[in-house]
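Q: Below: one structure in structure tokens.
Read-outs throughout are calculated quantities, based only on the coordinates presented, and are distinct from any laboratory measurement. Just so we're clear, the structure is a prediction, and the values are computed from it rather than from any experiment. Here the Cβ positions follow ideal geometry from the backbone for every residue, glycine too, while neighbour counts run over all protein chains shown.
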Amino acid sequence: MTIHGLRIAIVGGGVCGMVCAAALLKEGVDAHVYEAANVLGEDEARLAGVPLCSNSRRALKAIGIWDAVGAHARQAFATAQGQLHGARGREYYQFLSGMPGHEILPNGDLRDKTVDGIPRSILLGVLTRIVGPERINVDKRCVRIIESPRGAILHFQDGSTASAEVVLGADGLRSTVRRYVTRSGDTGLDPHLKFSGTICYRAYIPMDAILAAGTTLDFSNQPFWFLGKGKHVMVYSIQGATLANVIAFASDLNETARSPEPAPETTREAATSEVLEVFRGWGPEVTKLLACADKYVKWSVDVVQPIPSEGWVRGRVTILGDAVHGMHPAQAACTGQGIEDARLLGKLLGHS
């Protein structure tokens with residue numbers, strides 16, 4: 001691979017930032033990643049699957065990395081996370097009422113019903129090999145950006161700096177780069193970040209425990225959504241159907257006006273009793289399922305308020321992925337949008 005042209009710094013080593021690095025390197029651009037954590041993918045969702053639908057697959061194929069990624073993905077017709085075996089011919093999700101009786105709800109047809117999924121930690125491992133560990137810098141939390149005659153200088157929490165001709169901010173919802181680009185200041189409330197009104201509870205539950213609880217639905221071979229007023233629960237199998245990823249959402253749209261809680265208060269541990277109280281009165285399949293978890297991770301779901309496109313760039317610094325359009329996770333589209341961003345920026349900057 002011949003490297004030429006711009007030196008680009010990517011702030012954020014999640015899926016979006018890493019795919020962007022791969023896209024730039026394919027175009028021969030000198031890209032380097034700076035990640036705040038000390039290990040890529042070290043978070044509470046590392047076991048969860050990343051859904052790769054048709055647009056994501058096309059973008060990864062265009063970049064030239066789909067073969068490497070796809071080798072680790074399990075294709076499935078029936079699941080948004082794509083980690084089931086032999087699931088073709090079934091519905092994308094089975095939608096049921098969360099109330100007693102669990103009435104089957106209509107499920108709309110989908111234009112493209114194939115979804116490939118890959119555990120986030122495995123995907124980041126594949127991307128690390130593609131990009132090259134020598135281009136990935138961990139423990140580099142960006143705290144400030146200063147313009148320079150030839151681009152920008154990144155200042156990190158450990159006192160070090162890095163210079164680049166172009167800076168791309170793929171540093172997520174609480175983006176430092178977005179604050180710079182939108183001139184929102186280094187501290188205080190971020191005017192572009194808002195609480196969505198939704199609280200989410202997640203747990204990874206052994207499938208054996210769910211069966212022992214007396215549930216009658218086969219959670220190991222079919223993903224489900226249970227729906228109710230202002231709440232829903234989704235469950236699908238991971239890790240070779242040995243675990244169920246259970247995610248319960250409770251929303252109050254009257255709460256959307258308030259600002260988000262400061263990190264790290266957005267994520268905390270929650271007792272199983274709290275979750276059961278939130279879903280009091282729901283049907284037995286849901287309550288038995290929720291009761292199987294020893295504990296839950298609870299987080300406030302924040303979103304990025306729409307930013308006019310002219311506000312996405314400041315000088316030689318721009319933002320992509322969740323940093324610019326962080327959205328509610330219920331449709332599992334956040335990562336796919338970021339992959340498309342990365343593909344387009346790779347092509348644009350490769351022609352610069």
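Q: Ranked by Cβ crowding within 10 angstrom, fewest neighbours first, how are MET327, MET18, MET234 ordered?
A: Details: MET327 15, MET18 29, MET234 20.
Lowest count first: MET327, MET234, MET18.
Q: Report the residue, chosen from SER148, SER54, SER97, that carries the largest GNM mean-square fluctuation when the chain is represented by alpha-carbon nodes joined by springs under 10 Å.
A: Residue with maximal mean-square fluctuation among SER148, SER54, SER97: SER148.
Q: Just to be sure I understand: of the beta bridges DSSP finds with both ends in the chain, what percent are antiparallel, rounded to 5? Working shown, then result.
A: Working: 55 of 74 bridges.
Around 75 percent of the beta bridges assigned by DSSP in the chain are antiparallel ones.
Q: Report, in degrees rounded to the nearest 10, the 0 to 90 angle that the Cα long axis of helix 15-26 makes with the longest principal axis of the chain.
A: That works out to roughly 40 degrees.
Q: Projecting each Cα onto the charge dipole of the chain (Lys/Arg +1, Asp/Glu -1 at the beta carbon, about the Cα centre), which of ILE130, THR287, LEU193 comes out farthest on the positive side?
A: The listed residue farthest towards the positive side: ILE130.
Q: Fully extended, how many nm does the chain gain between ASP294 and GLU255 (0.36 nm per residue separation, minus their Cα-Cα distance)? Provide the component values of the computation, followed by the final result.
A: Values: separation 39, 0.36 × 39 = 14.04 nm, distance 2.85 nm.
Stretched fully, the ASP294-GLU255 segment lengthens by 11.2 nm.
Q: Given the options LYS61, LYS229, LYS194, which has the most mean-square fluctuation in a GNM of the chain, springs set between C-alpha atoms less than 10 angstrom apart?
A: LYS229
Q: Report the one residue of GLY159, ALA36, VAL115 whose Cα lies farthest in the direction of the positive end of the charge dipole of the chain (charges on C-beta: Lys and Arg +1, Asp and Glu -1; origin at the Cα centre).
A: My answer, from the dipole projection, is VAL115.
Q: To the nearest 20 Debye, how big is the dipole of the range 193-304 about its Cα centre, given +1 on the beta carbon of each Lys and Arg and -1 on that of each Asp and Glu?
A: Values: 10 positive and 12 negative charges, 36 e Å.
Here the range 193-304 has a charge dipole of around 180 debye.
Q: Which residues make up the longest stretch of the chain that has no GluC sites (Glu not before Pro) in a DSSP loop with at most 13 other Cβ atoms within 10 Å?
A: Longest site-free region, per DSSP loop and neighbour criteria: 104-264.
Q: Over the chain, with a Gaussian network built from C-alpha contacts below 10 Å, which listed residue (GLN94, GLN337, GLN157) shows the highest mean-square fluctuation?
A: Among GLN94, GLN337, GLN157, the largest mean-square fluctuation in the Gaussian network model of the chain belongs to GLN157.
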